[in-house]
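Just below is one structure, and these are the notes that go with it.
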């Protein structure tokens, strides 16, 4: 259950807390972007550390969510492994392909671009399996809805596109909307999670709006990334092709971070919908229970 302080906070207090979280994350984001710009030689190390950290946080959050269910220990371990193993294998395969240059764009190439496939195929397969699972649904029902929102504060790391644009290594037509969009979604993740934790209609609206913003950011970034990179789909930035987007370590963002984040967004929306339906059913049940029962006099 969410913290009682969140539930009992007035809208004004909630707004102040949200503003404080926004400023805190903004300060951290500025520091992180400055460090990335000042030390370009650490790009590879930074990518490895952040990717492993995000992976560990997601899996730890999954275990904590499982611990809130009524599952037995054996069932919790089984569900965790059923998700952890393919999730980690997916990361390993993408990491290997990225490192050997599989996703690198080749000017004049007529092959089907592999990046869109790497984005959409795992999303379709992952969501099909996850949303058909009753156990996954039970885990979502037991998990505070703020968790799936707050975890995507890592989207501030997408600000690396802005850093690369300032360095002149990536075209602005892609870097600006993609980088600004990612940073904006990351900045708003904790404030949105705070509103969601209030369990009010306003909080639910904030959660849905934030998720839709995140998905819209990806739609724009994927489209501009595909149409500005060398290959069959290139329509933009002919004078400065978007080669870096397919090059390691930057390619780990569209090849893995984007599809995994899309899955988190959809699961969050599904969770918010299930919670709203559960609350509605509970209200209907209480209304029916409160109706007087009249005995027949005949």
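Descriptive notes on the structure:
- With 0.36 nm allotted per residue and the present C-alpha distance subtracted, the residue 167-residue 67 stretch has 31.5 nm of extension available.
- Inter-centroid distance (Cα atoms) of the range 105-152 relative to the range 176-218, Å: 18 Å
- One decimal place: the segment residue 125-residue 209 gains 27.7 nm when fully extended, by the rule 0.36 nm per residue minus the C-alpha distance.
- Over the Cα atoms of the chain, the radius of gyration divided by the Kirkwood radius equals 1.05; this is the Rg/Rh ratio.
- Folded to 0 to 90 degrees: helix 258-290 orientation relative to the chain principal axis, Cα: 10 degrees
- Here the Kirkwood formula puts the hydrodynamic radius of the range 94-147 at 14.1 Å, using every distinct Cα pair.
- Degrees separating the helix 43-67 axis from the principal Cα axis of the chain, which is the longest one: 20 degrees
- Per-pair calculated FRET efficiency, R0 = 22 Å: residue 112 and residue 89 via Cβ, rounded to 0.05: 0.40
- Between the helical axis of 73-99 and the longest alpha-carbon principal axis of the chain there is an angle of about 20 degrees.
- Length added when fully stretched, residue 200-residue 27, from 0.36 nm per residue minus Cα-Cα: 59.4 nm
All of the numbers you see were taken from the coordinates with simple rules; none came from a lab. What you are looking at is a predicted structure, and each value in this text was computed from that prediction instead of being measured. Using ideal geometry, Cβ is built from the backbone for each residue, glycine included, and neighbour counts are taken over all protein chains shown.
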